[in-house]
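The values are calculated or read from the model by the stated rules, or taken from the named source; none is laboratory data. What you see is a predicted model, and the numbers here were worked out from it, not measured in a lab. Methodologically, a virtual Cβ is constructed for each residue, glycine included, from the backbone with ideal geometry; neighbour enumeration extends over all protein chains shown. Surface areas here come from the heavy atoms of the whole protein model, side chains and all, with no ligands, DNA or RNA. Shrake-Rupley method; radii C 1.70, N 1.55, O 1.52, S 1.80 Å.
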Amino acid sequence: MDMWTPCREAVQAVLPDARIFIDKFHAVRMATDAVGKVRKSLREQLTPKQRRGLTHDRFVLLKRERDLNEKEVLLLDGWTKSRPELGAAYRLKERFYGI
């Protein structure tokens with residue numbers, strides 16, 4: 001089901017003994033959104049050129065590590081080494097996806 005609180009409350013009101021599960025899409029979206037929030041929080045620390053680069057390279061952060069090509073691996077490595085918080089967010093996303 002959707003993770004929206006009113007939806008969950010409605011199901012609990014009508015079917016109090018029902019087990020509620022969230023679908024994978026919603027959980028994965030939360031992990032991806034978290035990486036996006038970290039990326040956006042870094043913008044103020046970057047030069048305009050770096051900001052444009054990070055905006056352009058955001059798709060690398062959304063991809064699974066196993067699906068990156070050589071160029072994307074280098075881009076990811078550069079961003080995650082220069083911005084450790086971004087690297088931590090990406091690694092956590094990948095660990096979450098591995099569940």
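Numbers for the structure displayed
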quantity: Unique residue being in contact with a Phe, Trp or Tyr (Cβ under 9 Å, 6 or more places away or on another chain) and over 14 Å from Glu94 (Cβ atoms) when the list is Asp33, Asp57; calculated: Asp57
quantity: Residues located in the stretch 45-84, provided they are open to solvent by less than 70 Å² (accessible area, probe 1.4 Å), assigned to a helix (DSSP H, G or I), in contact (Cβ under 8 Å) with a residue 12 or more places away in the chain and among the charged types (D, E, K, R); calculated: Asp57, Glu72
quantity: Lone qualifier among Leu54, Leu62 - being modelled with pLDDT of 90 or more and in contact with a Ser or Thr (Cβ under 7 Å, 6 or more places away or on another chain); calculated: Leu62
quantity: Selected residue (criterion: farthest from Arg95 (Cα to Cα)) from residues of the stretch 5-30 that are open to solvent by 100 Å² or more (accessible area, probe 1.4 Å) and of a type in the set (Lys, Arg); calculated: Arg19
quantity: Condition met for Asp2 (at pLDDT 90 or above and either out of contact with any helix residue (DSSP H, G or I) (no Cβ under 7 Å at 6 or more places or on another chain) or open to solvent by 40 Å² or more (accessible area, probe 1.4 Å) (or both)); calculated: no
quantity: Of residues in the stretch 82-99 being of a type in the set (D, E, K, R) and out of contact with any helix residue (DSSP H, G or I) (no Cβ under 7 Å at 6 or more places or on another chain), the one farthest from Phe25 (Cα to Cα); calculated: Arg83
